[in-house]
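Peer 1: The structure is given below, and queries will be raised subsequently.
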Amino acid sequence: MTASAKPLALPTTIRGAVLTPTSPGYAEQVAGFNLAHQPCPIVAIVPESEADVAAAVRWATESGLRVTVQATGHGLTGDLADTVLISTRLLDGVAIDAEQQSARVGAGARWRAVIDAAAPFGLAPLNGSSSSVGVVGYTLGGGLGLMARKYGFAADHVRSFRIVTADGEIRVVDAQHEPDLYWAVLGGKTGFGIVTEIEFDLVPVAGYFGGGIFFPGTEAAAVLEAWREWTPQLPTEASTSISLLRLPPDPQLPPPLQGQFVVHLRYTDIGDPADADARLAPMRSVAPIVMDMVSEMPYPAIDSVHMDPPMPVPAWSRGLALSEFSSDAVTALVDTVGAESGTSLMLAEVRLLGGAVRQPAANCVPGRDAAFAVHAIGVPAPEIAEAVARDLEAVLASLRPWKSGGLVNFVGHASAEELRSLWSEADLDRLRSTARRVDPTGTFGAEDVFGS
Ligand SMILES: Cc1cc2nc3c(=O)[nH]c(=O)nc-3n(C[C@H](O)[C@H](O)[C@H](O)COP(=O)(O)OP(=O)(O)OC[C@H]3O[C@@H](n4cnc5c(N)ncnc54)[C@H](O)[C@@H]3O)c2cc1C
(Lines give C-alpha, C1' and ligand atoms only; values in the text may rest on other atoms or scores of the structure.)
Protein backbone atom coordinates (compact mmCIF):
# COMPACT_ATOMS: atom_id res chain seq x y z
CA MET A 1 0.00 0.00 0.00
CA THR A 2 1.15 3.56 -0.61
CA ALA A 3 -0.09 6.87 0.62
CA SER A 4 -3.07 8.21 -1.28
CA ALA A 5 -2.37 11.11 -3.66
CA LYS A 6 -5.63 12.82 -2.59
CA PRO A 7 -5.57 15.10 0.48
CA LEU A 8 -6.14 12.92 3.50
CA ALA A 9 -9.39 13.17 5.43
CA LEU A 10 -8.05 12.86 8.97
CA PRO A 11 -9.95 10.85 11.58
CA THR A 12 -12.35 12.91 13.67
CA THR A 13 -13.38 10.52 16.45
CA ILE A 14 -10.01 10.30 18.21
CA ARG A 15 -9.54 12.10 21.54
CA GLY A 16 -5.76 11.98 21.39
CA ALA A 17 -3.57 14.08 19.11
CA VAL A 18 -3.75 13.60 15.33
CA LEU A 19 -0.73 15.34 13.81
CA THR A 20 0.58 15.94 10.31
CA PRO A 21 4.15 17.07 9.56
CA THR A 22 3.13 20.73 9.78
CA SER A 23 1.30 20.38 13.13
CA PRO A 24 2.90 21.92 16.23
CA GLY A 25 4.37 19.13 18.38
CA TYR A 26 4.73 16.64 15.49
CA ALA A 27 8.53 16.40 15.78
CA GLU A 28 8.42 15.73 19.55
CA GLN A 29 5.75 13.07 19.20
CA VAL A 30 7.46 11.10 16.43
CA ALA A 31 11.02 11.30 17.83
CA GLY A 32 12.41 8.06 19.19
CA PHE A 33 15.34 6.91 21.34
CA ASN A 34 17.45 6.06 18.29
CA LEU A 35 18.49 9.46 16.97
CA ALA A 36 19.97 7.90 13.83
CA HIS A 37 16.44 8.08 12.43
CA GLN A 38 14.09 11.04 12.25
CA PRO A 39 10.68 9.47 11.67
CA CYS A 40 8.51 11.27 9.11
CA PRO A 41 5.13 9.51 9.03
CA ILE A 42 2.37 11.15 7.00
CA VAL A 43 0.21 11.23 10.13
CA ALA A 44 1.12 10.66 13.78
CA ILE A 45 -1.65 9.66 16.15
CA VAL A 46 -1.19 9.67 19.91
CA PRO A 47 -4.16 7.74 21.33
CA GLU A 48 -5.44 8.42 24.82
CA SER A 49 -7.26 5.11 25.08
CA GLU A 50 -7.62 1.67 23.55
CA ALA A 51 -10.76 2.94 21.81
CA ASP A 52 -8.61 5.63 20.19
CA VAL A 53 -6.18 2.97 18.96
CA ALA A 54 -9.06 1.00 17.47
CA ALA A 55 -10.50 4.09 15.77
CA ALA A 56 -7.07 5.08 14.42
CA VAL A 57 -6.39 1.63 12.98
CA ARG A 58 -9.88 1.36 11.47
CA TRP A 59 -9.43 4.77 9.81
CA ALA A 60 -5.99 3.84 8.44
CA THR A 61 -7.23 0.54 7.01
CA GLU A 62 -10.26 2.20 5.42
CA SER A 63 -7.94 4.87 3.97
CA GLY A 64 -5.61 2.23 2.53
CA LEU A 65 -2.68 3.38 4.67
CA ARG A 66 0.14 1.43 6.27
CA VAL A 67 0.36 1.57 10.09
CA THR A 68 3.49 1.51 12.22
CA VAL A 69 3.63 1.65 16.01
CA GLN A 70 6.08 3.19 18.42
CA ALA A 71 6.30 3.31 22.20
CA THR A 72 9.84 4.62 22.84
CA GLY A 73 11.66 4.42 19.50
CA HIS A 74 14.39 2.15 20.95
CA GLY A 75 13.74 -0.16 18.04
CA LEU A 76 13.76 2.44 15.26
CA THR A 77 15.60 1.23 12.15
CA GLY A 78 14.02 3.50 9.54
CA ASP A 79 12.12 6.74 8.97
CA LEU A 80 8.54 5.32 8.89
CA ALA A 81 7.83 7.35 5.74
CA ASP A 82 4.46 6.77 4.05
CA THR A 83 2.98 5.31 7.22
CA VAL A 84 0.53 6.33 9.91
CA LEU A 85 2.48 6.20 13.13
CA ILE A 86 0.48 5.29 16.21
CA SER A 87 2.41 6.28 19.31
CA THR A 88 1.38 4.34 22.40
CA ARG A 89 3.34 6.54 24.81
CA LEU A 90 0.27 7.75 26.73
CA LEU A 91 -1.05 4.23 27.38
CA ASP A 92 1.47 3.64 30.14
CA GLY A 93 -0.57 2.22 33.03
CA VAL A 94 1.05 -0.41 35.27
CA ALA A 95 -0.88 -2.63 37.71
CA ILE A 96 0.77 -5.28 39.87
CA ASP A 97 -1.10 -8.30 41.25
CA ALA A 98 1.23 -9.42 44.02
CA GLU A 99 -0.85 -12.47 44.90
CA GLN A 100 -0.88 -13.71 41.30
CA GLN A 101 2.73 -12.58 40.81
CA SER A 102 1.79 -10.80 37.62
CA ALA A 103 1.73 -7.37 36.01
CA ARG A 104 -0.75 -5.88 33.57
CA VAL A 105 0.66 -2.92 31.67
CA GLY A 106 -0.31 -0.59 28.86
CA ALA A 107 1.43 -0.49 25.49
CA GLY A 108 3.42 2.63 26.35
CA ALA A 109 4.88 1.37 29.64
CA ARG A 110 8.63 1.16 30.07
CA TRP A 111 10.41 -1.43 32.21
CA ARG A 112 11.41 1.16 34.81
CA ALA A 113 7.77 1.66 35.83
CA VAL A 114 7.20 -2.09 36.18
CA ILE A 115 10.43 -2.66 38.12
CA ASP A 116 9.59 0.12 40.59
CA ALA A 117 5.99 -1.00 41.02
CA ALA A 118 6.91 -4.67 41.53
CA ALA A 119 9.89 -4.19 43.87
CA PRO A 120 7.91 -3.40 47.06
CA PHE A 121 6.37 -6.91 46.77
CA GLY A 122 9.76 -8.61 46.35
CA LEU A 123 8.91 -9.25 42.71
CA ALA A 124 10.69 -8.42 39.46
CA PRO A 125 9.89 -8.53 35.75
CA LEU A 126 12.04 -10.19 33.07
CA ASN A 127 13.36 -6.88 31.73
CA GLY A 128 16.55 -6.49 29.72
CA SER A 129 19.67 -4.41 29.97
CA SER A 130 17.97 -0.98 30.00
CA SER A 131 14.84 -0.10 31.94
CA SER A 132 14.02 2.72 29.51
CA VAL A 133 13.07 0.14 26.85
CA GLY A 134 9.35 -0.41 26.22
CA VAL A 135 7.75 -3.51 27.73
CA VAL A 136 5.66 -4.48 24.70
CA GLY A 137 8.22 -4.04 21.88
CA TYR A 138 10.84 -5.89 23.95
CA THR A 139 8.51 -8.75 24.82
CA LEU A 140 7.14 -9.17 21.30
CA GLY A 141 10.73 -9.56 20.06
CA GLY A 142 11.28 -12.37 22.59
CA GLY A 143 12.85 -10.27 25.31
CA LEU A 144 16.24 -11.56 26.42
CA GLY A 145 16.65 -10.37 29.99
CA LEU A 146 19.27 -10.56 32.69
CA MET A 147 17.55 -13.57 34.28
CA ALA A 148 16.80 -15.38 31.01
CA ARG A 149 18.97 -18.38 31.82
CA LYS A 150 16.85 -19.03 34.89
CA TYR A 151 13.41 -18.06 33.55
CA GLY A 152 13.60 -17.98 29.74
CA PHE A 153 12.49 -15.23 27.40
CA ALA A 154 10.03 -12.56 28.57
CA ALA A 155 7.66 -13.77 25.81
CA ASP A 156 7.53 -17.19 27.50
CA HIS A 157 5.83 -15.55 30.50
CA VAL A 158 3.04 -13.67 28.77
CA ARG A 159 -0.33 -14.70 30.16
CA SER A 160 -2.47 -12.72 27.74
CA PHE A 161 -2.59 -9.55 25.68
CA ARG A 162 -5.13 -7.31 24.03
CA ILE A 163 -4.48 -6.43 20.40
CA VAL A 164 -6.20 -4.14 17.91
CA THR A 165 -6.16 -5.83 14.50
CA ALA A 166 -6.49 -4.17 11.07
CA ASP A 167 -10.31 -4.23 11.18
CA GLY A 168 -10.20 -2.10 14.34
CA GLU A 169 -11.42 -5.02 16.49
CA ILE A 170 -9.96 -5.56 19.94
CA ARG A 171 -9.01 -9.20 20.46
CA VAL A 172 -8.15 -10.76 23.79
CA VAL A 173 -5.42 -13.28 23.13
CA ASP A 174 -3.94 -16.05 25.24
CA ALA A 175 -2.54 -19.51 24.55
CA GLN A 176 -6.02 -21.11 24.73
CA HIS A 177 -8.02 -18.47 22.87
CA GLU A 178 -6.47 -17.48 19.55
CA PRO A 179 -3.44 -19.80 19.93
CA ASP A 180 -2.10 -18.92 16.45
CA LEU A 181 -2.15 -15.20 17.14
CA TYR A 182 -0.60 -15.75 20.59
CA TRP A 183 2.15 -17.86 18.98
CA ALA A 184 2.79 -15.42 16.12
CA VAL A 185 2.77 -12.08 17.94
CA LEU A 186 5.11 -13.34 20.68
CA GLY A 187 8.33 -13.61 18.73
CA GLY A 188 7.04 -12.46 15.32
CA LYS A 189 6.64 -8.96 16.76
CA THR A 190 5.68 -6.92 13.67
CA GLY A 191 2.77 -7.31 11.31
CA PHE A 192 -0.27 -8.41 13.30
CA GLY A 193 -1.73 -5.35 15.00
CA ILE A 194 -1.21 -3.05 17.96
CA VAL A 195 -0.97 -4.62 21.37
CA THR A 196 -2.72 -2.28 23.78
CA GLU A 197 -2.18 -4.18 27.02
CA ILE A 198 -0.13 -7.14 28.14
CA GLU A 199 -0.26 -9.35 31.23
CA PHE A 200 2.79 -11.35 32.26
CA ASP A 201 4.48 -13.18 35.13
CA LEU A 202 6.68 -11.51 37.69
CA VAL A 203 9.34 -13.56 39.44
CA PRO A 204 10.19 -13.61 43.16
CA VAL A 205 13.52 -11.78 42.96
CA ALA A 206 14.25 -8.86 45.29
CA GLY A 207 17.92 -8.41 44.53
CA TYR A 208 20.96 -9.75 42.77
CA PHE A 209 24.70 -9.98 43.08
CA GLY A 210 26.16 -8.33 40.05
CA GLY A 211 27.34 -5.35 38.06
CA GLY A 212 30.23 -4.73 35.74
CA ILE A 213 33.98 -5.30 35.80
CA PHE A 214 36.06 -3.23 33.38
CA PHE A 215 39.40 -4.44 32.04
CA PRO A 216 41.76 -2.57 29.70
CA GLY A 217 40.77 -3.10 26.06
CA THR A 218 44.32 -4.19 25.30
CA GLU A 219 43.63 -7.31 27.41
CA ALA A 220 40.63 -8.28 25.26
CA ALA A 221 42.04 -11.55 23.94
CA ALA A 222 42.97 -12.85 27.41
CA VAL A 223 39.72 -11.72 29.05
CA LEU A 224 37.47 -13.09 26.30
CA GLU A 225 39.33 -16.39 26.31
CA ALA A 226 38.98 -16.67 30.10
CA TRP A 227 35.28 -15.71 29.87
CA ARG A 228 34.49 -18.38 27.28
CA GLU A 229 36.22 -21.03 29.41
CA TRP A 230 34.41 -19.83 32.55
CA THR A 231 30.84 -19.64 31.22
CA PRO A 232 30.10 -23.39 30.90
CA GLN A 233 30.48 -23.76 34.68
CA LEU A 234 27.81 -21.23 35.52
CA PRO A 235 24.44 -22.36 36.89
CA THR A 236 21.28 -20.86 35.42
CA GLU A 237 21.06 -18.39 38.34
CA ALA A 238 24.02 -16.61 36.78
CA SER A 239 23.84 -14.61 33.56
CA THR A 240 26.74 -12.87 31.94
CA SER A 241 27.79 -10.98 28.86
CA ILE A 242 30.96 -9.29 27.77
CA SER A 243 31.55 -6.34 25.51
CA LEU A 244 34.40 -4.54 23.84
CA LEU A 245 33.44 -0.96 24.46
CA ARG A 246 34.81 2.37 23.26
CA LEU A 247 33.54 4.96 25.70
CA PRO A 248 33.22 8.66 24.90
CA PRO A 249 35.07 11.27 27.04
CA ASP A 250 31.78 11.85 28.87
CA PRO A 251 32.25 13.63 32.26
CA GLN A 252 29.16 11.75 33.53
CA LEU A 253 31.13 8.49 33.36
CA PRO A 254 33.42 7.47 36.24
CA PRO A 255 36.83 9.11 35.53
CA PRO A 256 38.73 5.82 34.91
CA LEU A 257 36.30 5.00 32.09
CA GLN A 258 36.11 8.36 30.31
CA GLY A 259 37.31 8.06 26.72
CA GLN A 260 38.66 4.55 27.31
CA PHE A 261 38.58 1.36 25.26
CA VAL A 262 37.62 -1.35 27.75
CA VAL A 263 36.37 -4.89 28.09
CA HIS A 264 33.14 -4.78 30.08
CA LEU A 265 32.22 -8.01 31.83
CA ARG A 266 28.60 -7.99 33.02
CA TYR A 267 27.36 -10.36 35.70
CA THR A 268 23.93 -10.92 37.25
CA ASP A 269 23.54 -13.72 39.78
CA ILE A 270 20.28 -14.32 41.65
CA GLY A 271 21.63 -17.20 43.71
CA ASP A 272 23.04 -16.95 47.22
CA PRO A 273 25.29 -13.84 47.22
CA ALA A 274 28.27 -15.65 48.76
CA ASP A 275 28.06 -18.38 46.13
CA ALA A 276 27.61 -15.75 43.43
CA ASP A 277 30.73 -13.95 44.62
CA ALA A 278 32.70 -17.20 44.62
CA ARG A 279 31.52 -18.03 41.11
CA LEU A 280 32.74 -14.70 39.79
CA ALA A 281 36.11 -14.90 41.58
CA PRO A 282 38.05 -16.61 38.75
CA MET A 283 37.20 -13.75 36.38
CA ARG A 284 38.57 -11.16 38.81
CA SER A 285 42.13 -12.37 38.30
CA VAL A 286 42.36 -12.77 34.54
CA ALA A 287 43.76 -9.30 33.88
CA PRO A 288 44.36 -5.97 35.65
CA ILE A 289 41.04 -4.37 36.57
CA VAL A 290 40.19 -0.77 35.65
CA MET A 291 37.01 -0.72 37.74
CA ASP A 292 35.05 -3.33 39.64
CA MET A 293 31.43 -2.35 40.22
CA VAL A 294 30.03 -5.73 41.25
CA SER A 295 28.19 -5.98 44.54
CA GLU A 296 24.95 -7.12 46.17
CA MET A 297 22.16 -4.86 44.88
CA PRO A 298 18.39 -4.40 45.17
CA TYR A 299 16.65 -5.38 41.93
CA PRO A 300 15.73 -1.79 40.93
CA ALA A 301 19.48 -1.09 40.48
CA ILE A 302 19.55 -3.57 37.57
CA ASP A 303 20.51 -0.92 34.97
CA SER A 304 23.93 -0.74 36.60
CA VAL A 305 24.83 -4.17 35.18
CA HIS A 306 25.03 -3.04 31.54
CA MET A 307 25.20 0.74 32.06
CA ASP A 308 23.39 1.35 28.76
CA PRO A 309 23.08 5.05 27.85
CA PRO A 310 19.94 6.45 29.53
CA MET A 311 19.58 9.32 27.02
CA PRO A 312 18.66 8.99 23.34
CA VAL A 313 21.64 8.25 21.07
CA PRO A 314 22.13 7.66 17.34
CA ALA A 315 22.91 4.02 16.64
CA TRP A 316 23.13 1.47 13.88
CA SER A 317 23.33 -2.12 14.98
CA ARG A 318 23.52 -5.68 13.74
CA GLY A 319 23.47 -9.02 15.50
CA LEU A 320 23.61 -12.77 15.18
CA ALA A 321 23.61 -15.82 17.43
CA LEU A 322 26.40 -18.37 17.76
CA SER A 323 26.42 -22.13 18.28
CA GLU A 324 29.67 -21.78 20.25
CA PHE A 325 32.21 -19.14 21.23
CA SER A 326 35.39 -21.03 20.46
CA SER A 327 38.97 -19.77 20.76
CA ASP A 328 38.91 -19.14 17.02
CA ALA A 329 35.75 -17.05 17.45
CA VAL A 330 37.48 -15.04 20.20
CA THR A 331 40.39 -14.39 17.83
CA ALA A 332 38.00 -13.40 15.03
CA LEU A 333 36.18 -10.95 17.27
CA VAL A 334 39.38 -9.41 18.65
CA ASP A 335 40.79 -9.06 15.13
CA THR A 336 37.60 -7.26 14.05
CA VAL A 337 36.90 -4.97 17.01
CA GLY A 338 39.97 -5.22 19.27
CA ALA A 339 42.61 -2.63 20.04
CA GLU A 340 44.45 -3.02 16.73
CA SER A 341 41.38 -3.31 14.52
CA GLY A 342 40.81 0.37 13.76
CA THR A 343 37.08 -0.28 14.00
CA SER A 344 34.61 2.60 14.08
CA LEU A 345 32.17 0.64 16.28
CA MET A 346 31.30 1.68 19.80
CA LEU A 347 30.43 -1.74 21.12
CA ALA A 348 30.44 -5.43 20.30
CA GLU A 349 28.95 -7.69 22.93
CA VAL A 350 28.49 -11.41 23.46
CA ARG A 351 25.72 -12.64 25.77
CA LEU A 352 25.64 -16.13 27.24
CA LEU A 353 22.38 -17.96 26.45
CA GLY A 354 21.41 -21.49 27.51
CA GLY A 355 19.43 -22.67 30.52
CA ALA A 356 15.71 -21.86 30.35
CA VAL A 357 16.19 -20.00 27.06
CA ARG A 358 16.33 -23.46 25.47
CA GLN A 359 12.93 -24.58 26.76
CA PRO A 360 10.24 -24.62 24.08
CA ALA A 361 7.21 -22.37 24.59
CA ALA A 362 3.92 -21.67 22.79
CA ASN A 363 5.44 -18.79 20.81
CA CYS A 364 7.69 -18.34 17.77
CA VAL A 365 10.70 -16.77 19.51
CA PRO A 366 13.73 -17.90 17.45
CA GLY A 367 17.27 -18.50 18.68
CA ARG A 368 16.58 -21.03 21.45
CA ASP A 369 19.27 -23.46 20.26
CA ALA A 370 22.01 -20.87 20.11
CA ALA A 371 24.66 -20.72 22.83
CA PHE A 372 25.57 -17.02 22.57
CA ALA A 373 24.04 -13.85 21.13
CA VAL A 374 26.23 -11.17 19.56
CA HIS A 375 25.23 -7.56 19.08
CA ALA A 376 27.38 -4.78 17.62
CA ILE A 377 26.60 -1.06 17.66
CA GLY A 378 28.09 1.98 15.97
CA VAL A 379 27.28 5.68 16.19
CA PRO A 380 26.82 6.81 12.57
CA ALA A 381 28.13 10.37 12.75
CA PRO A 382 28.21 11.62 9.13
CA GLU A 383 32.01 11.46 8.85
CA ILE A 384 32.15 7.79 9.92
CA ALA A 385 28.75 6.49 8.78
CA GLU A 386 30.24 4.55 5.87
CA ALA A 387 32.85 2.99 8.13
CA VAL A 388 30.19 2.04 10.70
CA ALA A 389 28.12 0.22 8.07
CA ARG A 390 31.23 -1.57 6.80
CA ASP A 391 32.47 -2.48 10.30
CA LEU A 392 29.08 -3.88 11.36
CA GLU A 393 29.20 -6.17 8.33
CA ALA A 394 32.77 -7.12 9.27
CA VAL A 395 31.66 -8.33 12.72
CA LEU A 396 28.96 -10.51 11.18
CA ALA A 397 31.31 -11.85 8.53
CA SER A 398 34.06 -12.68 11.03
CA LEU A 399 31.68 -14.74 13.20
CA ARG A 400 29.70 -16.38 10.38
CA PRO A 401 31.49 -19.78 10.79
CA TRP A 402 29.78 -20.12 14.20
CA LYS A 403 26.46 -18.52 13.23
CA SER A 404 23.32 -20.14 14.55
CA GLY A 405 20.39 -17.90 13.62
CA GLY A 406 19.70 -14.80 15.66
CA LEU A 407 17.37 -13.01 18.06
CA VAL A 408 14.65 -10.68 16.75
CA ASN A 409 15.51 -7.89 19.19
CA PHE A 410 19.16 -7.95 18.21
CA VAL A 411 19.06 -8.12 14.40
CA GLY A 412 19.12 -4.32 14.27
CA HIS A 413 19.42 -2.93 10.77
CA ALA A 414 19.13 -6.31 9.06
CA SER A 415 17.56 -6.80 5.63
CA ALA A 416 14.08 -8.35 5.43
CA GLU A 417 15.69 -11.48 4.05
CA GLU A 418 18.03 -11.81 7.02
CA LEU A 419 15.20 -11.23 9.47
CA ARG A 420 13.13 -13.88 7.71
CA SER A 421 15.99 -16.36 7.97
CA LEU A 422 15.52 -16.51 11.76
CA TRP A 423 12.48 -18.78 11.33
CA SER A 424 12.02 -22.17 9.68
CA GLU A 425 9.90 -22.38 6.51
CA ALA A 426 7.13 -24.05 8.53
CA ASP A 427 7.13 -21.21 11.04
CA LEU A 428 7.16 -18.62 8.24
CA ASP A 429 4.10 -20.32 6.68
CA ARG A 430 2.27 -20.13 10.00
CA LEU A 431 3.31 -16.50 10.51
CA ARG A 432 2.10 -15.56 7.02
CA SER A 433 -1.22 -17.37 7.25
CA THR A 434 -1.90 -15.87 10.69
CA ALA A 435 -1.11 -12.38 9.41
CA ARG A 436 -3.31 -12.88 6.33
CA ARG A 437 -6.20 -13.98 8.55
CA VAL A 438 -6.08 -10.97 10.90
CA ASP A 439 -4.81 -8.42 8.37
CA PRO A 440 -6.01 -9.31 4.87
CA THR A 441 -5.41 -5.74 3.64
CA GLY A 442 -1.76 -5.65 4.79
CA THR A 443 -2.24 -2.63 7.06
CA PHE A 444 0.63 -3.79 9.32
CA GLY A 445 2.93 -4.90 6.48
CA ALA A 446 3.54 -8.51 7.51
CA GLU A 447 4.39 -9.38 3.92
CA ASP A 448 7.45 -7.13 4.06
CA VAL A 449 8.70 -9.00 7.12
CA PHE A 450 7.69 -12.60 6.51
CA GLY A 451 7.33 -12.62 2.70
CA SER A 452 4.30 -13.66 0.70
C1 LIG B 1 19.56 0.53 25.00
C2 LIG B 1 18.86 -0.70 24.53
C3 LIG B 1 18.92 -1.87 25.29
C4 LIG B 1 18.26 -3.03 24.88
N5 LIG B 1 18.37 -4.16 25.63
C6 LIG B 1 17.70 -5.27 25.24
C7 LIG B 1 17.79 -6.48 26.01
O8 LIG B 1 18.49 -6.54 27.02
N9 LIG B 1 17.10 -7.57 25.58
C10 LIG B 1 16.31 -7.53 24.46
O11 LIG B 1 15.67 -8.54 24.15
N12 LIG B 1 16.23 -6.41 23.72
C13 LIG B 1 16.92 -5.30 24.07
N14 LIG B 1 16.86 -4.18 23.31
C15 LIG B 1 16.08 -4.21 22.05
C16 LIG B 1 14.64 -3.78 22.35
O17 LIG B 1 14.00 -4.76 23.13
C18 LIG B 1 13.89 -3.64 21.03
O19 LIG B 1 14.49 -2.60 20.28
C20 LIG B 1 12.42 -3.32 21.26
O21 LIG B 1 11.74 -3.43 20.06
C22 LIG B 1 12.22 -1.94 21.85
O23 LIG B 1 10.85 -1.76 22.09
P24 LIG B 1 10.32 -0.27 22.33
O25 LIG B 1 8.84 -0.36 22.43
O26 LIG B 1 11.08 0.33 23.42
O27 LIG B 1 10.75 0.44 20.97
P28 LIG B 1 9.87 1.03 19.74
O29 LIG B 1 10.88 1.53 18.77
O30 LIG B 1 8.88 1.99 20.27
O31 LIG B 1 9.17 -0.22 19.16
C32 LIG B 1 9.93 -1.14 18.42
C33 LIG B 1 9.02 -2.10 17.69
O34 LIG B 1 8.30 -2.89 18.64
C35 LIG B 1 7.02 -3.20 18.11
N36 LIG B 1 6.02 -2.64 19.00
C37 LIG B 1 6.18 -1.71 19.97
N38 LIG B 1 5.02 -1.48 20.59
C39 LIG B 1 4.11 -2.27 20.01
C40 LIG B 1 2.71 -2.48 20.21
N41 LIG B 1 2.04 -1.85 21.15
N42 LIG B 1 2.08 -3.39 19.44
C43 LIG B 1 2.75 -4.05 18.46
N44 LIG B 1 4.06 -3.90 18.24
C45 LIG B 1 4.73 -3.02 18.99
C46 LIG B 1 6.95 -2.57 16.74
O47 LIG B 1 7.38 -3.55 15.78
C48 LIG B 1 7.96 -1.46 16.84
O49 LIG B 1 8.48 -1.10 15.57
C50 LIG B 1 17.53 -3.02 23.68
C51 LIG B 1 17.47 -1.86 22.89
C52 LIG B 1 18.14 -0.72 23.31
C53 LIG B 1 18.10 0.49 22.44
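The values are calculated or read from the model by the stated rules, or taken from the named source; none is laboratory data. Given the structure is predicted, the values throughout are model-derived calculations rather than measurements. Ideal geometry is used to build each Cβ from the backbone, glycine not excepted, and the neighbour counts take in all protein chains shown.
Peer 1: Any idea how many residues of segment 373-384 are surrounded by fewer than 17 Cβ atoms within 10 Å (Cβ to Cβ) and either more than 13 Å from Met346 (Cβ to Cβ) or without any contact (Cβ under 8 Å) to a residue 60 or more places away in the chain (or both)? I'd like the intermediate steps shown before the answer.
Peer 2: Keep residues of segment 373-384 that are surrounded by fewer than 17 Cβ atoms within 10 Å (Cβ to Cβ), which gives 381-384.
Now narrow it down to the ones that are either more than 13 Å from Met346 (Cβ to Cβ) or without any contact (Cβ under 8 Å) to a residue 60 or more places away in the chain (or both): 382-384.
Number of matching residues: 3.
Peer 1: Any idea which of Asp174, Asp180, Asp167 is among the acidic types (Asp, Glu) and either buried (at least 23 other Cβ atoms within 10 Å of the Cβ) or closer than 21 Å to Ala103 by Cα (or both)?
Peer 2: One residue alone meets the criteria, Asp174.
Peer 1: Something else: What number of residues in segment 389-417 are within 16 Å of the ligand (Cβ to nearest atom) and assigned to a helix (DSSP H, G or I)?
Peer 2: 5
Peer 1: Which count do you get for residues in segment 372-401 that are in contact with a Leu (Cβ under 6 Å, 6 or more places away or on another chain) and either within 14 Å of Ala148 (Cα to Cα) or charged (D, E, K, R) (or both)?
Peer 2: 3
Peer 1: Then there is this: Restricting attention to segment 178-193, does a residue exist that is without any contact (Cβ under 8 Å) to a residue 12 or more places away in the chain and in the same structural domain as Gly108 (by TED's automatic domain parsing)? Lay out the reasoning, then the answer.
Peer 2: Quick first cut of segment 178-193, residues without any contact (Cβ under 8 Å) to a residue 12 or more places away in the chain only: 178.
Keeping just the survivors that are in the same structural domain as Gly108 (by TED's automatic domain parsing) gives 178.
Scanning segment 178-193, I find at least one residue that is without any contact (Cβ under 8 Å) to a residue 12 or more places away in the chain and in the same structural domain as Gly108 (by TED's automatic domain parsing), so the answer is yes.
Peer 1: Do you know which residues across segment 75-111 are within 20 Å of Leu65 (Cα to Cα) and among the hydrophobic types (A, V, I, L, M, F, W, C)?
Peer 2: Passing the criteria: Leu76, Leu80, Ala81, Val84, Leu85, Ile86.
Peer 1: Name, by its number, the condition in (1) touching a residue at least 24 places away in the same chain (Cβ under 8 Å); (2) out of contact with any strand residue (DSSP E or B) (no Cβ under 8 Å at 6 or more places or on another chain) that does not hold for Phe215.
Peer 2: (2)
Peer 1: Now for a separate question. Going residue by residue through segment 301-311, is there one that turns out to be within 24 Å of the chain's Cα centre (by Cα), away from the ligand (no atom under 13 Å from the Cβ), assigned to a helix (DSSP H, G or I) and touching a residue at least 24 places away in the same chain (Cβ under 8 Å)? Write out each step before concluding.
Peer 2: Filtering segment 301-311 for residues within 24 Å of the chain's Cα centre (by Cα) gives 301-311.
So of that shortlist, the ones also away from the ligand (no atom under 13 Å from the Cβ) come out as 301, 304.
From what's left, assigned to a helix (DSSP H, G or I): 301, 304.
Checking the rest, the ones that are also touching a residue at least 24 places away in the same chain (Cβ under 8 Å) come to 304.
There is at least one residue in segment 301-311 that is within 24 Å of the chain's Cα centre (by Cα), away from the ligand (no atom under 13 Å from the Cβ), assigned to a helix (DSSP H, G or I) and touching a residue at least 24 places away in the same chain (Cβ under 8 Å).
Peer 1: Moving on. May I ask you to verify whether Ser102 is touching a residue at least 60 places away in the same chain (Cβ under 8 Å), surrounded by fewer than 22 Cβ atoms within 10 Å (Cβ to Cβ) and within 13 Å of the ligand (Cβ to nearest atom)?
Peer 2: Numbers: touching a residue at least 60 places away in the same chain (Cβ under 8 Å): yes; surrounded by fewer than 22 Cβ atoms within 10 Å (Cβ to Cβ): yes; within 13 Å of the ligand (Cβ to nearest atom): no.
Answer is no for this residue.
Peer 1: Take segment 80-98 and flag every residue that is among the charged types (D, E, K, R) and within 17 Å of Thr443 (Cα to Cα). Can you show your working first?
Peer 2: As a first pass, look at segment 80-98 and keep what is among the charged types (D, E, K, R): 82, 89, 92, 97.
Within segment 80-98, just Asp82 meets the criteria.
Peer 1: A further question follows. Give the residues of segment 28-82 that are assigned to a loop (DSSP other than H, G, I, E, B), small (Gly, Ala, Ser) and more than 12 Å from the ligand (Cβ to nearest atom), sorted by residue number.
Peer 2: Within segment 28-82, the subset assigned to a loop (DSSP other than H, G, I, E, B) is 31-33, 35-42, 47-49, 63-65, 71-82.
Among the residues that remain, those that are also small (Gly, Ala, Ser) are: 31-32, 36, 49, 63-64, 71, 73, 75, 78, 81.
Scanning segment 28-82 gives Ser49, Ser63, Gly64, Ala81.
Peer 1: Please specify each residue of segment 321-367 satisfying the condition of being without any contact (Cβ under 8 Å) to a residue 40 or more places away in the chain, outside any helix (DSSP H, G or I) and touching a Lys or Arg at 6+ places or on another chain (Cβ under 9 Å). Please lay out each step first, then the result.
Peer 2: At the first step, the residues of segment 321-367 found to be without any contact (Cβ under 8 Å) to a residue 40 or more places away in the chain are 340-342, 358, 360.
Among the residues that remain, those that are also outside any helix (DSSP H, G or I) are: 340-342, 360.
Within segment 321-367, just Pro360 meets the criteria.
Peer 1: Okay, moving on. Against the definition (out of contact with any helix residue (DSSP H, G or I) (no Cβ under 8 Å at 6 or more places or on another chain) and either over 24 Å from Gln260 (Cβ atoms) or within 15 Å of the ligand (Cβ to nearest atom) (or both)), how does Pro382 come out, yes or no? It would help to see each step written out before you state the result.
Peer 2: Details: out of contact with any helix residue (DSSP H, G or I) (no Cβ under 8 Å at 6 or more places or on another chain): yes; either over 24 Å from Gln260 (Cβ atoms) or within 15 Å of the ligand (Cβ to nearest atom) (or both): yes.
Yes.
Peer 1: Moving to a separate point now. Report whether or not Asp92 is surrounded by fewer than 18 Cβ atoms within 10 Å (Cβ to Cβ), free of Cβ contacts under 8 Å to residues at least 24 places away in the same chain and more than 15 Å from the ligand (Cβ to nearest atom). Steps first, please.
Peer 2: Values: surrounded by fewer than 18 Cβ atoms within 10 Å (Cβ to Cβ): yes; free of Cβ contacts under 8 Å to residues at least 24 places away in the same chain: yes; more than 15 Å from the ligand (Cβ to nearest atom): no.
So Asp92 does not fit the description; no.
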